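The next block holds one structure in the form of structure tokens; read it before the comments.
The values are calculated or read from the model by the stated rules, or taken from the named source; none is laboratory data. Being a predicted model, the structure only gives us computed values, none of them experimental. With ideal geometry, Cβ positions are generated from the backbone for all residues, glycine too; neighbour counts draw on all protein chains shown. Note: accessible area is taken over every heavy atom of the protein model, side chains too, but ligands, DNA and RNA are not part of it. Shrake-Rupley method; radii C 1.70, N 1.55, O 1.52, S 1.80 Å.
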Amino acid sequence: MRKPVIAGNWKMHMTCAQARAWMGTFLPLIAELPDDRHLVVAPPFTAISTLAELSHGTRLELSSQNVHWEGEGAYTAEISPSMLKEHNVEYAIVGHSEPRKYFSESDEQINHRARSAQTNGLIPIVCVGESDEQRSRGEAERVIRRQVEQGLEGLDPSQLVVAYEPIWAIGTGKTCEASEANRICGLIRSWVGSPDLIIQYGGSVKPANIDQLMGMSDIDGVLVGGASLDPEGFGRIANYIKS
């Protein structure tokens with residue numbers, strides 16, 4: 001049985017003080033969270049220690065928003081797996097469309113990051129997805145398959161999460177139709193060849209569509225951006241009702 005992973009990516013939001021206030025509202029909302037799901041939040045690096053303190057003894061697990069492939073060295077602005085493990089971080093997002101776009105991260109670099117995460121006991125959440133232009137040209141499947149084949153090379157599927165995030169649906173208010181998201185997630189699973197691979201959907205996920213998304217056969221969780229900044233809204237997402 002694939003255990004869904006509900007993850008919130010705060011991106012470059014939330015000071016430590018704001019994170020404390022968020023947790024004060026959020027934690028009571030997950031006091032009776034069903035056991036059939038994982039719940040993860042990826043704060044900015046500065047707030048990781050704050051969330052590590054406040055989440056101790058709760059169902060909330062922590063993720064970083066990236067991780068480097070080296071254990072230490074002259075890599076300004078990067079963060080190593082050991083730095084994250086020190087704060088009980090268990091997951092690491094890699095390959096998100098924003099660092100792909102703004103920092104020109106390649107599939108090879110993303111693979112190095114994901115391998116480093118696994119080698120050091122972190123579970124990588126590897127993001128893949130096509131742009132609006134690529135989809136309109138009929139290239140979505142080719143693009144995603146390339147990202148999967150190059151980005152996941154050499155990884156252990158049992159210690160891995162893949163997040164399908166169509167770029168055109170991130171922060172735009174547009175949501176990929178649940179049936180189409182489910183189809184792509186199914187294709188990714190078949191390409192990897194692992195029936196137990198956890199595959200999330202990400203892209204304008206909100207309380208209004210979470211139940212429908214989680215009712216799909218091949219969607220094993222969500223990677224939530226903007227909606228995770230609202231503790232009450234994210235609480236509803238965490239407590240989705242599976243149809």
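The table that follows gives values for the structure above.
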read-out	value
V143 vs. criteria farther than 22 Å from V5 by Cα and surrounded by 13 or more Cβ atoms within 10 Å (Cβ to Cβ)	yes
Every residue from the range 130-170 that is in contact (Cβ under 8 Å) with a residue 40 or more places away in the chain, in a helix (DSSP H, G or I) and touching a Phe, Trp or Tyr at 6+ places or on another chain (Cβ under 8 Å)	I144, R145, V148, E149
Any chance E130 is open to solvent by 10 Å² or more (accessible area, probe 1.4 Å), of a type in the set (D, E) and either modelled with pLDDT of 95 or more or in contact with a Pro (Cβ under 7 Å, 6 or more places away or on another chain) (or both)	no
Residue count for the range 12-48, restricted to those that are of a type outside the set (A, V, I, L, M, F, W, C) and either open to solvent by less than 10 Å² (accessible area, probe 1.4 Å) or part of a loop (DSSP other than H, G, I, E, B) (or both)	9
Members of the range 204-223 that are touching a Lys or Arg at 6+ places or on another chain (Cβ under 8 Å) and among the hydrophobic types (A, V, I, L, M, F, W, C)	I210, M214
Some residue of the range 65-75 being outside any helix (DSSP H, G or I), within 19 Å of I123 (Cβ to Cβ), of a type in the set (A, V, I, L, M, F, W, C) and open to solvent by 50 Å² or more (accessible area, probe 1.4 Å)	yes
Restricting the range 229-243 to residues that are over 12 Å from V205 (Cα atoms) and of a type in the set (G, A, S), the residue that is modelled with the highest pLDDT	G235
Flag for V94 being under 24 Å from I170 (Cα atoms) and either among the hydroxyl-bearing types (S, T, Y) or surrounded by 13 or more Cβ atoms within 10 Å (Cβ to Cβ) (or both)	yes
Candidate set: the range 146-170, residues that are in contact with a Ser or Thr (Cβ under 9 Å, 6 or more places away or on another chain) and among the β-branched types (V, I, T); chosen: the one least open to solvent (accessible area, probe 1.4 Å)	I170
Residue that is nearest to the chain's Cα centre (by Cα), among those in the range 53-63 that are without any contact (Cβ under 8 Å) to a residue 40 or more places away in the chain and open to solvent by less than 20 Å² (accessible area, probe 1.4 Å)	L62
Residue within the range 94-112 that is among the hydroxyl-bearing types (S, T, Y), closer than 17 Å to R189 by Cβ and either part of a loop (DSSP other than H, G, I, E, B) or at pLDDT 95 or above (or both) present	no
Which listed residue is in contact with a helix residue (DSSP H, G or I) (Cβ under 7 Å, 6 or more places away or on another chain) and part of a helix (DSSP H, G or I), from L62, L51	L51
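The rows are residues; the columns are (1) under 30 Å from G129 (Cα atoms); (2) polar (S, T, N, Q).
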site	(1), (2)
R2	yes, no
Q18	no, yes
A42	yes, no
G57	no, no
D107	yes, no
